[in-house]
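Quick notes on the structure that follows.
Read-outs throughout are calculated quantities, based only on the coordinates presented, and are distinct from any laboratory measurement. Predicted model only: the values in this text are computed from it and were never measured. Neighbour counts are summed over all protein chains in view; Cβ atoms, including those assigned to glycine, are modelled from backbone coordinates with ideal geometry.
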Amino acid sequence: MQLILATRNPHKVHELAPLLEPHVLVPLPDEIELPPETGTSFAANALIKARAAAGATAEPAVADDSGIEAAALSGAPGVWSARYAGEGATDEQNLAKLLAEVPDDGDRRVAYLCVLAFVDPGGEERVVEGRCTGVLARQPRGDGGFGYDPAFVPDDVADDRTMAELSPEEKDAISHRGRAARAFRDWLVAQEAAA
């Protein structure tokens, strides 16, 4: 199946495409504008984008909304992860703000969440979630990944490497986006088998 990926983030396209094979992800056409992410949950924001893409292209669309939740900040930045340091903030600015706000001697537990929303032009919708827990490093390390990856030390690795220090294969096996993508792919395969 061919799916429109409702994002302008090239990192997400790069991560999701191999995870959803044999399905083919097609970038959102340049002329289509996505509406603002006004939802108060990852699912709401993912559905906003997937519905807009499916409606504009008349093709099945998938969108993700994801972010990081810090226990010390009562779950912040959450749905505001991409703009935590303000509209137009860089990944580095968002990460610097999070590192400054989580106390060195406080609760450093964090969780990555990813919600994938699928919308078919015929009206069918499906939402899946992936989650990865870990701790926040005190200093960024590594040059892989993006976003908060340089300070996210996942619980699923035996050492203290950050997501940005893992190989792409290691990251995909345990990441929130990898888990959500596999759940979504399994659902698609079941739907196709039942058709």
Over every pair of different alpha-carbon atoms in region 127-195, take the mean of 1/r and invert it; report that Kirkwood radius in Å.
12.9
Across bins of 5 angstrom width beginning at 0, how are the C-alpha pair distances of the chain distributed, in whole percent?
1, 8, 16, 21, 20, 15, 10, 6, 3, 1, 0
Choice from R83, R51, R177 with maximal GNM fluctuation in the chain (Cα, 10 Å cutoff)
R83
Can you tell me the orientation of helix 91-101 relative to the chain, as the angle in degrees between its alpha-carbon axis and the longest Cα principal axis, to the nearest 10?
50
P(r) tail for region 26-100, what percent of Cα pairs lie past 21 Å?
37
Return the single residue from A89, A63, A158 with maximal mean-square fluctuation; model: Gaussian network over the chain, springs between Cα atoms under 10 Å.
A158
Karplus-derived 3J(HN,Hα) from phi for region 147-152 (6.51 cos²θ - 1.76 cosθ + 1.60, θ = phi - 60°), whole Hz, x at Gly and Pro, runs x, 8, 3, x, 10, 9
Semi-axes of region 10-60 from the Cα gyration tensor (sqrt of 5 times each eigenvalue, largest first, whole Å) come to 19, 15, 10
Using +1 on the beta carbon of Lys and Arg, -1 on that of Asp and Glu, and nothing else charged, what's the dipole of the chain about the Cα centre, debye to 20?
220
Can you spot the lysines whose alpha carbon is less than 22 Å from K49's alpha carbon? Ignore those fewer than 8 places along the same chain.
K12
Could I get the Rg over Rh figure for region 47-158? Both from C-alpha atoms, Rh via Kirkwood, rounded to two places.
1.06
Cα point-scatterer Debye curve for region 104-146, base-10 log of I(q)/I(0) at q = 0.30 Å⁻¹:
-1.07
Residue-by-residue Karplus 3J(HN,Hα) for region 45-57, coefficients 6.51, -1.76, 1.60, Hz, glycine and proline x:
5, 5, 5, 4, 6, 5, 5, 5, 5, 5, x, 7, 9
Residue-by-residue Karplus 3J(HN,Hα) for region 172-185, coefficients 6.51, -1.76, 1.60, Hz, glycine and proline x:
4, 5, 10, 6, 4, 5, x, 5, 5, 5, 5, 5, 5, 4
For the chain, the charge dipole (Cβ of Lys, Arg +1; Cβ of Asp, Glu -1; about the Cα centre) points to a positive end, and the Cα of A183, F42, L16 closest to that extreme belongs to F42
